[in-house]
Amino acid sequence: MAPPRCFFLDLPCEIRLDIYALLLLIHPPLDRVGPSSPQARLHPAILSTNRQIHTEGTPILYGSNVFLAHTKLLASFPRLRPWYSPVRERSVLPRIRRFHIRLRLDCDLAFDAAAATAAFNGVDELVIEVWQAAFQSADHGALRVFEGVRAVKTVRVYGSITGFEDYVGWLEGVMRRGGELEGSKDISLVGTRPSQSQIP
């Protein structure tokens, strides 16, 4: 007598979702990835098995992973990790809802405030990692391109922020809120932007 067989799609949905998470979510988070970190790999080939698996697994791959935003093209050319090729399939770009961007404070940016707003408004997560070549060689000026971004569920700005921590706290609060700023203020939601005298 042949042993009983269990096919993948016969498993309860909850178990299938756990399996997709093991195959399609990449760890550790981008802020813990260094040059010597092992190159974690995904197994997206499972999505090509059949239509149902593709439908169930695709939201996990694109919606639950944090993608590295391009330094110029932002959300339109993201990649999962530096060793992965950028996502070029335009049809899946709207599914990507979590981003990490590395921003050098002491150089001119390759994008403007309008591009940042268009790319990141309403995303589920935005992590902004800032750095500079020398300690306190730059101020918060480069971060001002994000002042128009709104309705981000989870925001974190970290890195070389010594000297303008108040501004970073204000900016995180503004990006979490919906609506528009009135001039440079959002009194009803998060208070006023710290003045230049408050920021060294």
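Per-structure values
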| quantity | calculated |
| --- | --- |
| LEU74 being closer than 23 Å to ALA133 by Cα and modelled with pLDDT of 95 or more | yes |
| Single residue of segment 73-89 satisfying the filter (within 15 Å of PRO59 (Cα to Cα) and without any contact (Cβ under 8 Å) to a residue 40 or more places away in the chain) that is surrounded by the most Cβ atoms within 10 Å (Cβ to Cβ) | VAL87 |
| Condition check for VAL92: more than 19 Å from LEU61 (Cβ to Cβ) and of a type in the set (Val, Ile, Thr) | no |
| Residue list for segment 146-158, filter: buried (at least 17 other Cβ atoms within 10 Å of the Cβ) and of a type in the set (Gly, Ala, Ser) | GLY148 |
| Selection within segment 166-188 - modelled with pLDDT under 95 and either farther than 28 Å from GLY63 by Cα or not assigned by TED's automatic domain parsing to the domain that holds GLN132 (or both) | LEU181, GLU182, GLY183, SER184, LYS185, ASP186, ILE187, SER188 |
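The values are calculated or read from the model by the stated rules, or taken from the named source; none is laboratory data. This one's a predicted model, so the numbers in the text were calculated from it and none came from an experiment. We place every Cβ from the backbone using ideal geometry, glycine too, and count neighbours over all the protein chains shown.
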